[in-house]
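S.K.: Quick one: this structure, given as structure tokens, is what I'll be asking you about.
The values are calculated or read from the model by the stated rules, or taken from the named source; none is laboratory data. Here the structure is a predicted model, which means the values were calculated and not measured. Cβ coordinates were reconstructed from backbone atoms using ideal geometry, including for glycine residues, and neighbour counts include every protein chain displayed. In case anyone asks, the SASA skips ligands and DNA or RNA and just uses the protein heavy atoms, side chains included. Shrake-Rupley method; radii C 1.70, N 1.55, O 1.52, S 1.80 Å.
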Amino acid sequence: MGKDRRDGGRLGAGVSRVVYVNGAFVPEAEACVSVFDRGFLFADAVYEVTSVLDGRLIDLPAHLARLDRSLREIGLPRPATDAELEELHRRLVRENGLTEGLVYLQVTRGVAERNFLYPPDPRPTLVLFTQALPLVDRPEARAGLRIVTLDDPRWARRDIKTVQLLSASMAKEIAHARGKDDAWFVEDGLVTEGTASNAHLVSRDGTIVTRDLSSAILAGITRAAILAHAAEAGVAVEERPFTVAEAQSAAEAFVTGATAFVLPVVEIDGAPIGDGRPGPTVRRLRARYIEESRRRSV
Ligand code: PLP
């Protein structure tokens with residue numbers, strides 16, 4: 001089995017968090033959503049994950065902008081203004097004494113009689129909770145990730161951040177069952193993205209190659225930050241799809257995500273990347289991302 005089971009653990013360990021559900025801050029044991037909620041019945045819901053470092057939120061405005069887009073794409077009214085959502089994030093971080101980890105936010109189309117048609121007057125369910133997690137000091141940052149590739153079985157609107165995550169969950173299980181860390185999805189011979197991350201390579205001439213944005217992948221907030229940092233540092237970037245073979249013969253490979261930040265990939269389908277150890281470009285990108293996030297987080 002792969003080592004990292006942190007995201008597969010059970011609730012709690014005796015620590016009761018304060019959770020936000022539809023207007024109320026309640027102890028987690030009292031945080032409930034109806035069995036008739038369309039998030040539960042149809043995965044009719046979108047979400048965001050915003051990282052917290054030093055008790056401050058990383059890139060919250062970008063996460064709220066993407067939430068807004070996801071809601072528009074599924075035709076769901078906003079449950080609150082950006083200022084209100086920001087205040088909910090802040091209050092949860094404060095009340096739970098969170099210094100490092102994440103705030104998870106989910107909006108569903110709410111409670112309705114089970115029917116594939118949308119309810120005409122939805123009353124969205126809004127839930128936010130925190131999770132404490134080490135983000136900076138992660139063993140994978142030192143060891144790198146070993147990746148398996150799998151055919152991408154997901155729907156065609158991966159640009160919308162929905163809670164339909166079973167295919168990603170199954171893929172990660174497959175990777176772990178094979179003794180690896182995670183999976184990259186492949187469609188028409190080209191890498192789409194990771195189970196919960198964007199996938200990138202560093203070519204032998206030092207160019208960062210990353211798939212261009214489309215409905216095939218999620219427009220990662222961390223991806224955007226890394227590309228901006230690369231541009232500032234004079235590193236060339238090519239936004240285009242790449243094959244598994246190109247990634248396997250690259251100088252370096254890596255993933256980005258809100259809680260991963262930047263993590264090196266050292267093996268793909270058994271083939272070592274570069275010398276099989278995290279390389280200098282990815283190490284620099286990770287250090288720069290952490291430094292900039294510390295500086296810009298609010
Ligand atoms: N792609 C997928 C499928 C994801 O689930 C995620 C994050 O959860 C990402 C990419 C990375 O996005 P972000 O950097 O905004 O966390």
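S.K.: Sticking with the crude label model, points 7 Å out along Cα→Cβ, report the distance from Asp68 to Glu173 in nm, one decimal please.
M.R.: Label-label distance for Asp68 and Glu173, simple model: 3.8 nm.
S.K.: Going by alpha carbons, how many degrees (0 to 90, nearest 10) lie between the helix axis of 280-296 and the longest principal axis of the chain?
M.R.: 30
S.K.: Let me ask another. What ranking do 53-62, 265-274, 103-112 get when scored by the average of other Cβ atoms within 10 Å per residue, highest first? Please list the in-between numbers first.
M.R.: Working: 53-62: 17.9, 265-274: 19.6, 103-112: 22.2.
Put in order of decreasing packing, that is 103-112, 265-274, 53-62.
S.K.: Considering only DSSP beta bridges whose two residues both sit in the chain, what percent are antiparallel, to the nearest 5?
M.R.: Numbers: 44 of 55 bridges.
Here the antiparallel bridges make up roughly 80 percent for the chain.
S.K.: Would you please classify the overall shape of region 139-296 from the alpha carbon gyration tensor, given that a ≥ b ≥ c denote the square roots of the eigenvalues, rounded means a/c under 1.5, and beyond that prolate means a/b larger than b/c while oblate covers the rest? Walk me through the intermediate numbers first.
M.R.: On the way: a/c = 1.43, a/b = 1.21, b/c = 1.18.
It comes out rounded by the Cα gyration axes.
S.K.: How big is the charge dipole of the chain about its Cα centre, in debye rounded to the nearest 20, if each Lys and Arg gets +1 on its Cβ and each Asp and Glu gets -1 on its Cβ?
M.R.: Numbers: 39 positive and 42 negative charges, 103 e Å.
For this selection, approximately 500 debye.
S.K.: Restricting to Cα pairs below 8 Å that are 6+ residues apart, what does the relative contact order work out to for region 139-296? Please round to a whole percent.
M.R.: Numbers: 309 pairs, mean separation 41.6, N = 158.
The normalised contact order for region 139-296 reaches 26 percent.
S.K.: In what sequence, highest mean first, do 215-223, 34-42 appear when ranked by Cβ atoms within 10 angstrom? Mind showing how you got there, number by number?
M.R.: Numbers: 215-223: 21.1, 34-42: 16.7.
The packing order, highest mean first, is 215-223, 34-42.
S.K.: In addition: Counting only heavy atoms of protein chains, what accessible area per residue, in Å², does region 18-132 have with a probe of 1.4 Å?
M.R.: Numbers: 5570 Å² over 115 residues.
Per residue, region 18-132 has an accessible area of 48 Å².
S.K.: Suppose accessible area is computed on protein heavy atoms with a 1.4 Å probe; arrange Glu84, Glu140 from highest to lowest. Intermediate results must be reported in sequence, preceding the final value.
M.R.: On the way: Glu84 95, Glu140 20 Å².
Sorted descending by solvent-accessible area, the residues read Glu84, Glu140.
S.K.: If you fit an axis through the alpha-carbon atoms of helix 166-177 and take the longest principal axis of the Cα set of the chain, what angle between them do you get, 0 to 90°, nearest 10?
M.R.: It is inclined by approximately 50 degrees.
S.K.: Sorting check: for 231-244, 187-200, which peptide has the highest mean count of neighbouring beta carbons within 10 Å, and how do the rest follow? Numbers along the way, then the final one.
M.R.: On the way: 231-244: 13.2, 187-200: 21.9.
Packing proxy ranking, top to bottom: 187-200, 231-244.
S.K.: Which FRET efficiency, nearest 0.05, do Arg114 and Thr243 yield, Cβ-Cβ r, R0 30 Å?
M.R.: Values: r = 43 Å, r/R0 = 1.43.
In this case the efficiency is close to 0.10.
S.K.: Let me know the charge dipole size of region 18-132 about its Cα centre in debye, to the nearest 20, where only the beta-carbon of Lys, Arg (+1) and Asp, Glu (-1) is charged.
M.R.: 220
S.K.: So what is the calculated 222 nm ellipticity per residue for the chain, using -39500 (n - 2.57) for each DSSP H run with n of 4 or more, over all residues, to the nearest 500 deg cm²/dmol?
M.R.: -8500 deg cm²/dmol
S.K.: What angle, in degrees between 0 and 90 and rounded to the nearest 10, separates the Cα long axis of helix 221-232 from the longest principal axis of the Cα atoms of the chain?
M.R.: Compared with the principal axis, the helix lies near 40 degrees.
S.K.: When the chain is fully extended, how far beyond the present Cα-Cα distance does Trp155 get from Glu84, taking 0.36 nm per residue of separation? Walk me through the intermediate numbers first.
M.R.: Values: separation 71, 0.36 × 71 = 25.56 nm, distance 3.17 nm.
This chain segment gains 22.4 nm when fully extended.
S.K.: What number, in percent, do you get for the relative contact order of the chain if the mean sequence gap of Cα pairs under 8 Å and at least 6 apart is divided by its residue count?
M.R.: On the way: 584 pairs, mean separation 56.1, N = 298.
With pairs under 8 Å counted, the relative contact order is 19 percent.
S.K.: Relative to the present Cα-Cα distance, how much length would full extension add between Leu166 and Thr99 at 0.36 nm per residue of separation? Could you put the intermediate results ahead of the total?
M.R.: Details: separation 67, 0.36 × 67 = 24.12 nm, distance 2.95 nm.
Fully extending the segment from Leu166 to Thr99 adds 21.2 nm.
S.K.: Can you give the extra length, in nm with one decimal, that the chain gains between Asp269 and Phe25 once fully stretched, where that is 0.36 nm per residue apart less the Cα-Cα distance? Working shown, then result.
M.R.: Working: separation 244, 0.36 × 244 = 87.84 nm, distance 4.52 nm.
Taking 0.36 nm per residue and subtracting the Cα distance, the gain is 83.3 nm.
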